[in-house]
Structure formats: C-alpha cells, structure tokens
C-alpha cells in the first residue's frame, strides 16, 4: 500500500469521470502537439530550403508565387524571363552566384528542373549512385523521386507538360537516368534535375533543331552549352546569392525598377506566408487552450465533489495516523496523476495523428514531415500539465488538509 | 493504562462538559455509558487524540496527549489506537486487503500480509480478503472494520456505538467479537454507547 495505489484506486472507482478528464486534457494537448510539430517542421523546411538563396528573380507576377514555385516547387511559374537579360543580371557586380532554373515539365507529378549542378550544391546534395549529366536529356533524380518512382540509373521515361500526370506527353524526347542523389531532407529530394538545354530541346519545334550544330565561341554564363547573349531563349528564374549586404538593399530595387523581371526574397515571402497561416494556427491553438481550460475545470470539479464524498475516508485516515500533509499530498497526487496521464496520452496522440497523416496523405510525404521528431516544447507541455494538476487540486487538497476528524466522525 | 485528570471540554463558552477523572487498566474492558448528548463521544475522541484543545490532562501509557504536537499525536494515534465506529467507514474504492493494509501504511508500520491473514482468520472472513467493499454484507463489513482496528496490535481499542444500530442477535455477536479480538490482541477496550444491552457483557462502567 502506498499513496499512488490509493490514488489510482480512487480514480479507478470512478472510471467514467476519470476517462472524461483524461480525454479532455489529452485532446487539448494533442492539438497543441500537432500544431507544434507542423509549425516547427514547416519552419525548419522553409529555412533549410531557402538557405543560400538570397533572392529569386523571375517574371513579374505574385512574389509569393515566385517563391513557392522556384524555391519550394509547389506552385506554377509566373512566366519566363529572357536568357540575355538573365545573363546580364548574373554578371552584375552585386551578384556572387546565380543559378538558372527552367521549369515546365514533370514526370508522374515530379517536377523536372533544368539547371546546373551548383543547384544541388545549394542543398549539399551528393550523388548516391551514377554520374552527373554530360549531355542533353540526361537526368539526376532526387532520393525520394527515385524511391517513389522506382527508377534506377539507366532507366528512361517520357516527361509530360505541366505539373500533372495528364499533361501533354513529350514522347519524341525520352529522358535517361544518369544518377541518383543522396537524401537531403530538402525539396531537392522530390525533383528531377537536368540541364537547361534539355528543357529547351523537349519544347523546341522540329524546325529549330538545326541550331544545335552551330559552333559556339562565347558560351553563356548560365547555360554552358549555349551561346551567350541569345535573346530567343528563355528560362523561368534565377536563384541569386548576394556578394555583400549592400546587395540586399540595392539589388531588388534595381531589378524591380530597371528590368522587366521581378525580384522576391524567400525569407520575406516565407515570413509573409507564415503571417497568413498564423491566423489559422492561432485559432486552433486558442481552441486547444479552451479544451485544456475545460479539462482543468472538470478535474477541479471532480476532485472538489469527491472530496465531499470522501470526508469520512479522510477523517478515518487521519484517525489511523495519517498526517494532514499526507492527505494534502494524496489529493495533489490525484490531480497530478490525471493531468500527467492526460498529457502523456495527448503527446502520444499528437504524434500518432501526424504519423497517420503522413501515411494517408501522399502529398505530405513529399513535404518530408516526420511524426518521430520530438521538441523541447513537448517537455514544457508536460511540465505545464504537472503544474496544472497541482493548481486544479489546490483547493481540494487544502480541504483535505483541513479535515476535522472529530466533527466528521461525531457525525452531526 | 489511561488516566485523566480534571478533564473538561467546551464547544462554546456557554456549555462546558466536565469529565470525572478516569483510570483504566491495561487489558480491561470498559463501557462509557450515557445518553445522547452526554458527551461520551467527546470523551472518547479526547481519549483517542481525535480532539484536542481541552483543559486537564490525558495520560496514555505514560504519554501526556495534551503535550504532543499535532504530528506527534498523528503518529501516536496510528501506533497505539484502533478505532471502531457505528458505521464501518471502510474505503469503498479499495478491496478488503487494501483497506487493511492502509492501517500499517498510515501508521508508518511494516505492511505484513501474514498479519492480515491472521486477523481475517480470527474474524472468520479469510475468504473475503480480495473482495470489494460493496460485495460485503453489513455484518462482514463490520468485521472488516474490526479487523482494521486490531491489525496494528494497538494497546487500546476505542469503539463508538458499535452495536446501537444492530438487532439483539447481531449486537450479541458483535460484542462477543470485540471482546474476543481485544483479548486475542491484548488490547484495552473502551466502548462508548447508550446501548444498555452491553451492560451484561462488560461490567466495568463509566457512567456519564
């Protein structure tokens, strides 16, 4: 016999009450846990994916769309920019590094990105197997792409126009897989990388093929296989790394004012996106706290009522030698046991729900959300629920402390 | 050995109950006989250390209860006394065994399962060890309450109206039981009651 057995026996004696209190609290904690996991991982993903990209330059349109499309690869391009103009910008003195992106095609919902190998360097993506492309229509796959499409080095596939499976197929120009990247937990895992000219080739009309055989004297800084200053070719965007902090002030203004292109900062747009999402997150968090508040109230009422029913139990325990403090601790323990159970179940439930979500929703696998990540905030939630249990049982435990043996047992 | 000297208690300023000096020997049985409101429960609670702030002194086995701090009194109660009340006041949430284990636990004594078997055997309810309190008959529940009172081998058993709600047959049985277990466990038995039927069983009377 000890206090914990006593407390658990009391809780078991009222199973429905106990269950209700635990479920209420568990639901509140679970909602907060899910939001926490979502929010944290989303922020981590965003900062991982925007690392090394100070500015995205593309066709005019929505800056948020430009970022979503060219950094996170979840929206459609705003349009194309002229290669000649992009080259001029890439040579600007404030630009340290510029990576071209040519988008437009996909295979089985996985986006094909025409770029150069320094795009992979942004995400520290190294080859797991195979080699980098050396010719047009050769591709390197992201780790998740290779896994989900079950493609290996040497396999071929035909791309489709647009981002959906149903897009117009480019049957005459099949791609061949040359390499597969290691997993990086960033957006590159879900991409198919190739060179920019492959994208042009797939989209080129039959009559323009003769251009390829021309001898190139001055090659483009963005597309090494192509001639510099070609104003007939287009790409989707440029990912820019600043040379120095002054660039952050001057470069976006220069681009937006003096060119036909648009510049958008991933950090700024991500923050804007979060402030839009924030309203929903806050509403849900508020709802979760209301649940927790109700559960706290419910625990308090349950303890308060059962203390009244148990006044004889308390008096007899005092008569049997229990000190006031022992009864106070027992009552505190009862409240704390409820909240600790509730929060543990809630935390587990949060992770389980997220796990089920990643299993059931295919799109969430692409985002790389994981249910098996733990944050220190969860420890704070646990400690908070401990304190909550003590607060709920504060008044009841004081009642227990004040039990007057004589008055109760003399039975007036 | 229980000794009191010029003991009195007042619930409020107007009414003060004075108690005659007592001297109760070890291993004896006493009846505190008196009508309702005569202060027998008050006296029993004073003797049992359940009620303090009285005038006078109460000496139990060489210890003056009035000089003990509350915590010391709690410990003293747990080790020296067994209490039996008119209603059994068992803890419904616990089994018979756990109810009994509560006695040594709260008194800070060793929890001995053999002792539980022994006492349940003495009271003839050994088969009820793992029963829930709700499953017991009234008579069985009272036996469990008696078992709980004697479990720690207390020097003194105080009983408050243990028989007044019972019919003649059960009154006879419970009083026999109390006397037997008190003797078996070498405890002094003090019964506060207005039940005249007990007079035939216990000859030492304290009339209030």
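Per-structure values
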read-out: Lone unmet requirement of (1) modelled with pLDDT under 90; (2) within 21 Å of residue A:47 (Cα to Cα); (3) touching a strand residue (DSSP E or B) at 6+ places or on another chain (Cβ under 9 Å) for residue A:64; value: (1)
read-out: Tally of residues being under 12 Å from residue A:299 (Cβ atoms) and assigned to a helix (DSSP H, G or I) across segment A:391-411; value: 5
read-out: Residue within segment B:4-11 that is closer than 22 Å to residue B:79 by Cα and touching a residue at least 12 places away in the same chain (Cβ under 8 Å) present; value: yes
read-out: Test: residue in segment B:51-58 that is modelled with pLDDT of 90 or more and facing chain A (nearest Cβ under 9 Å); value: no
read-out: Subset tally (residues that are more than 8 Å from every other protein chain (Cβ to nearest Cβ) and either within 12 Å of the chain's Cα centre (by Cα) or in a loop (DSSP other than H, G, I, E, B) (or both)) for segment B:59-85; value: 7
read-out: Condition met for residue A:141 (out of contact with any strand residue (DSSP E or B) (no Cβ under 6 Å at 6 or more places or on another chain), closer than 23 Å to residue A:225 by Cα and surrounded by 19 or more Cβ atoms within 10 Å (Cβ to Cβ)); value: no
read-out: Residues that are farther than 29 Å from residue A:34 by Cα, assigned to a helix (DSSP H, G or I) and in contact with a strand residue (DSSP E or B) (Cβ under 7 Å, 6 or more places away or on another chain), drawn from segment A:248-283; value: A:248, A:251, A:252, A:255, A:256
read-out: Which numbered condition residue A:390 fails, given (1) surrounded by 17 or more Cβ atoms within 10 Å (Cβ to Cβ); (2) at pLDDT 90 or above; value: (1)
read-out: Search result, residues across segment A:393-412 that are closer than 17 Å to residue B:71 by Cβ, surrounded by 15 or more Cβ atoms within 10 Å (Cβ to Cβ) and within 12 Å of another protein chain (Cβ to nearest Cβ); value: A:401, A:403, A:405
read-out: Condition check for residue A:114: on the phi > 0 side of the Ramachandran plot and in contact with a helix residue (DSSP H, G or I) (Cβ under 8 Å, 6 or more places away or on another chain); value: no
read-out: Residue list for segment B:145-171, restricted to those being over 13 Å from the mean Cα position of the chain (by Cα) and within 14 Å of another protein chain (Cβ to nearest Cβ); value: B:164, B:165
read-out: The one condition in (1) within 14 Å of another protein chain (Cβ to nearest Cβ); (2) farther than 27 Å from residue B:26 by Cβ that residue B:126 fails to fulfil; value: (1)
read-out: Subset tally (residues that are in a loop (DSSP other than H, G, I, E, B) and surrounded by fewer than 23 Cβ atoms within 10 Å (Cβ to Cβ)) for segment A:311-337; value: 1
read-out: Any chance residue B:192 is surrounded by 24 or more Cβ atoms within 10 Å (Cβ to Cβ), closer than 30 Å to residue B:109 by Cα and within 12 Å of the chain's Cα centre (by Cα); value: yes
read-out: Where residue B:190 falls short, out of the listed (1) touching a strand residue (DSSP E or B) at 6+ places or on another chain (Cβ under 8 Å); (2) in a loop (DSSP other than H, G, I, E, B); value: (2)
read-out: Segments classed as helices (runs of 4 or more DSSP H), wholly inside segment A:1-111, with at least 1 members that are away from every other protein chain (no Cβ under 14 Å) and crowded, with 16+ Cβ neighbours inside 10 Å; value: A:15-50, A:63-70, A:83-90
read-out: Some residue of segment B:96-115 being in contact with a strand residue (DSSP E or B) (Cβ under 9 Å, 6 or more places away or on another chain), part of a loop (DSSP other than H, G, I, E, B), closer than 21 Å to residue B:142 by Cα and more than 7 Å from chain A (Cβ to nearest Cβ); value: no
read-out: Of the criteria (1) on the phi < 0 side of the Ramachandran plot; (2) at pLDDT 90 or above; (3) within 12 Å of another protein chain (Cβ to nearest Cβ), which one residue B:40 fails; value: (2)
read-out: Residues (more than 17 Å from residue B:12 (Cα to Cα) and in a strand (DSSP E or B)) located in segment B:31-55; value: B:31, B:32, B:33
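The values are calculated or read from the model by the stated rules, or taken from the named source; none is laboratory data. Everything numeric in this text was worked out from a predicted model, so none of it was measured. Ideal geometry is used to build each Cβ from the backbone, glycine not excepted, and the neighbour counts take in all protein chains shown.
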